[in-house]
1. Return the only residue of Glu187, Glu139 being of a type in the set (Asp, Glu) and touching a strand residue (DSSP E or B) at 6+ places or on another chain (Cβ under 9 Å).
2. Say whether the condition of being more than 20 Å from the chain's Cα centre (by Cα), surrounded by 15 or more Cβ atoms within 10 Å (Cβ to Cβ), within 15 Å of the ligand (Cβ to nearest atom) and in a loop (DSSP other than H, G, I, E, B) is met by at least one residue in the stretch 146-155.
3. Output the residue which, of all residues in the stretch 130-145 that are among the hydrophobic types (A, V, I, L, M, F, W, C) and either surrounded by 15 or more Cβ atoms within 10 Å (Cβ to Cβ) or part of a helix (DSSP H, G or I) (or both), is farthest from the chain's Cα centre (by Cα).
4. Report yes if Ser169 is under 19 Å from His73 (Cβ atoms), crowded, with 19+ Cβ neighbours inside 10 Å and not hydrophobic (A, V, I, L, M, F, W, C), otherwise no.
5. What number of residues within the stretch 156-166 are outside any strand (DSSP E or B), within 13 Å of the ligand (Cβ to nearest atom) and free of Cβ contacts under 8 Å to residues at least 40 places away in the same chain?
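Nothing in this text is a laboratory measurement; each read-out follows from the coordinates by a stated rule. Computed from a predicted model, the values in this text were never measured in an experiment. Glycine also receives a Cβ, built like all others from the backbone with ideal geometry; neighbour counts cover every protein chain displayed.
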Amino acid sequence: MLSKRKTIAIIVKPDQSVEVRAPRRVSKREVESFLQLKQAWVLSKLNEFSLRPAPHQPIFELGASHYFLGEPHRLVDATKAIQGQQMGLALSYEDDVIPLRSIDGATSAQVERKLDQWYRVEALALFQERHDYWREQMEEFLLPESVVTLRKMKRRWGSCSIHGKITFSTALAKYPLQCIDSVVVHELCHLLEFSHNQRFYGFMDQVYPDWKLGDKLLQSLSWQY
Ligand SMILES: [Zn+2]
């Protein structure tokens, strides 16, 4: 029984569907008894997913909301403001908007492209600023040189090469500052210790004692924005 149990897998998906994978030689009855055995786990997983808010469905049009630093920002057309500036008028925006040029009447693909570009510019400036800030906090460690780069990554928020190239996922800029800081400090600590060992987490605790909260928040919001 025990050895067979390992060959059956139950997958509970975020859309609250349940999938059971079993090799052909396993009988239906065995699958059913395995499911019964795992019932509590399946139910708790289903409950967890039902409590999770639905992922943000991005819409690429004027007035739609997109996240930056954990807050929704409205897409506005910046054309008028740019013309205004050229005429010497000072037009300022509120904080909760993303100004994009000529998006009034643009196709969804065009808006998406402009928004991507906006995120790249803003994310790079943001990560660079946090990187510099945390390097300063870590002055006593005499960190080796590091540079900040951006990439669209699907499964990771950040990485650090042995040559000190720190890469952040552009999408990280959508999440609260606390989450960003825990990724930034994580990558900076890799400049001191490459492995995720006790020494590494010792540095994390010393530099940013709240890193676990940031990680947890990021995990709970993960890829929702
Ligand atoms: Zn790491």
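1. Glu187
2. Scanning the stretch 146-155, I find at least one residue that is more than 20 Å from the chain's Cα centre (by Cα), surrounded by 15 or more Cβ atoms within 10 Å (Cβ to Cβ), within 15 Å of the ligand (Cβ to nearest atom) and in a loop (DSSP other than H, G, I, E, B), so the answer is yes.
3. For the stretch 130-145, the residue satisfying everything is Phe141.
4. The answer is yes for Ser169.
5. Matching residues across the stretch 156-166 total 3.
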